[in-house]
Amino acid sequence: MSFTGKYQLQHQENFEPFMKALGLPDDEIQKGKDLKSISEIVQDGKKFKITVTTGSKVIKNEFTVGEESEIEILNGEKTKVVVQMEGNNRLVTQVKGMKSVTELNGDTITHTMTMGDLTLKRVSKRI
């Protein structure tokens, strides 16, 4: 199953409390909470290029499954991670005390991030 495609955010749960916990300023949280981000994913075997555009903010990350890579996280910080593939439709990693799971089901990607007892869930559909 290939992740390649463009996906638009449909809805998200717990965005504000999760972003506060990450240390984002309130004005950025308010600006970002209603924007429908677009994620563009290019998968070539185990190599991934992901570009997420939210309003004027663009985050680009590249990684290879099973290898250490540097990525930019939601608060703009760069950190090293190792992304693992579970089955053929789940990408899983631990980053800065958060567990990140990205699951592809048909034309829907569900991205769940868990930090302590807080969970951010974002659902995007292929466009």
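For residue 85, the accessible surface of its heavy atoms amounts to roughly 60 Å² (probe 1.4 Å, protein chains only, rounded to the nearest 10).
Multiply the residue separation of residue 108 and residue 64 by 0.36 nm, subtract the distance between their alpha-carbon atoms, and state the gained length in nm to one decimal. Could the numbers behind the result be given before it?
Working: separation 44, 0.36 × 44 = 15.84 nm, distance 2.19 nm.
So the chain would gain 13.7 nm between residue 108 and residue 64.
Dipole magnitude for the range 1-53: computed about the Cα centre from +1 point charges on Lys and Arg Cβ and -1 point charges on Asp and Glu Cβ, it is near 320 debye. Taking the range 23-59 and a reference point 7 angstrom along Cα→Cβ of residue 16, the backbone N atoms nearer than 16 Å belong to 23-35.
Restricting things to alpha carbons, find the Rg to Rh ratio for the chain using the Kirkwood radius for Rh. Each step should come with its number before you reach the end.
Numbers: Rg = 13.8 Å, Rh = 14.9 Å.
My calculation of the ratio gives 0.93.
For the range 53-118, take the alpha-carbon Rg, divide it by the Kirkwood Rh, and send me Rg/Rh.
Checking Rg against Rh, the ratio lands at 0.96.
Nonpolar atom fraction for the chain, defined as the carbon and sulfur part of the 1.4 Å probe accessible area, stands at 47 percent.
Set the Förster radius R0 to 22 Å, insert the Cβ-Cβ distance between residue 42 and residue 92 as r into 1/(1 + (r/R0)^6), and round the FRET efficiency to 0.05. If you can, show how the numbers build up before the last one.
Details: r = 20 Å, r/R0 = 0.89.
After rounding to 0.05, the efficiency reads 0.65.
Note on residue 85/residue 56: beta-carbon distance plugged into 1/(1 + (r/R0)^6) with R0 of 22 Å gives a FRET efficiency of 0.10.
For the chain, a crude dipole built from +1 on the beta carbon of Lys and Arg and -1 on the beta carbon of Asp and Glu, taken about the Cα centre, is about 260 debye to the nearest 20.
The values are calculated or read from the model by the stated rules, or taken from the named source; none is laboratory data. Small disclaimer: the values here were computed from a predicted structure and weren't measured. Here the Cβ is made from the backbone with ideal geometry for all residues, glycine too, and neighbour counts use every protein chain on show. Ligands, DNA and RNA are excluded from the accessible area calculation, which covers all protein heavy atoms including side chains. Shrake-Rupley method; radii C 1.70, N 1.55, O 1.52, S 1.80 Å.
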